[in-house]
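Beneath this line is the structure, given in structure tokens, with notes to follow.
The values are calculated or read from the model by the stated rules, or taken from the named source; none is laboratory data. On a predicted model such as this, the values are computed, not experimentally measured, just so you know. Neighbour counts are summed over all protein chains in view; Cβ atoms, including those assigned to glycine, are modelled from backbone coordinates with ideal geometry.
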Amino acid sequence: MNTNANRPKRNAAAERNPVRLEGVRSHGTRLVAGTGGGRQGAKGAETMMAQPIKPGSLTSEKIVLQRNGGDCSLASLATVMGWTYEMAAEVLGLAIDPDTGFTELQDHEPIYENEIIPPLFRMGVLAIPLASNDAIVNLSSSFRRATLPSTREVRDMISGRVGIVGVIVDEPVETDLEKFHSLAWDGSQLFDCRDGAAVDLDEANICSALLLSRTRET
């Protein structure tokens, strides 16, 4: 899910953290280094422990900012897990250029839900995907509309639950992929990781959500 946004300034919090994650702690969570070297998933995630942030705890100052047009899901994941940008990239098996701070993602290259769910599950975090039938025309025709909730129902279902919310952008775009954008959701407020700004839930054209919760103690 992406937008035709300019690259924001690099996150100062992320600048202070090295790409190597071994021994780094965040919100009481220890992360060990994964395999790196491309988008094949961080095998080291099997030994990691993780926990989403507490609902209602986000502020604009806590948002992990995007670094290019295709990393909205990465930045949103980092934000709702209380991680740095580098930590989220490591979990997703994305290499970061130490000179630029950018991942190997090309501008507007998406990160799909099925790339996020498995590594989180290995870490004891359950990621539950939802899709709205109001936005199904923009998604795969293989979905059965009757089984999917409306956008209004999705708003009710995500209330009080932390996750990543997918929206359809209401602005001119160059490609279909740029119609989709991911936002960080703390259970009561949406935040756009392009600039850290709060977004009105009622104004968001929601097409999907990925709700996060602990599955077990590890």
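Here are the numbers for the structure shown:
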| quantity | calculated |
| --- | --- |
| Given (1) farther than 20 Å from Ile168 by Cβ; (2) assigned to a loop (DSSP other than H, G, I, E, B), number of the condition Glu90 does not satisfy | (2) |
| The one condition in (1) in a loop (DSSP other than H, G, I, E, B); (2) farther than 23 Å from Leu58 by Cβ; (3) at pLDDT 90 or above that Pro118 fails to fulfil | (1) |
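Quick grid of which residues meet (1) surrounded by 19 or more Cβ atoms within 10 Å (Cβ to Cβ); (2) touching a residue at least 40 places away in the same chain (Cβ under 8 Å):
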residue	(1), (2)
Ala88	yes, no
Gly93	yes, yes
Asp97	no, no
Thr103	yes, no
Tyr112	no, no
Ile117	no, yes
Leu120	yes, yes
Met123	yes, yes
Ala127	yes, yes
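Residue-by-condition table, conditions (1) assigned to a helix (DSSP H, G or I); (2) touching a His at 6+ places or on another chain (Cβ under 6 Å); (3) closer than 30 Å to Met157 by Cβ; (4) modelled with pLDDT under 95:
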residue	(1), (2), (3), (4)
Asn2	no, yes, yes, yes
Arg10	no, no, no, yes
Arg20	no, no, no, yes
Ala33	no, no, no, yes
Leu65	no, no, yes, no
Val80	yes, no, yes, no
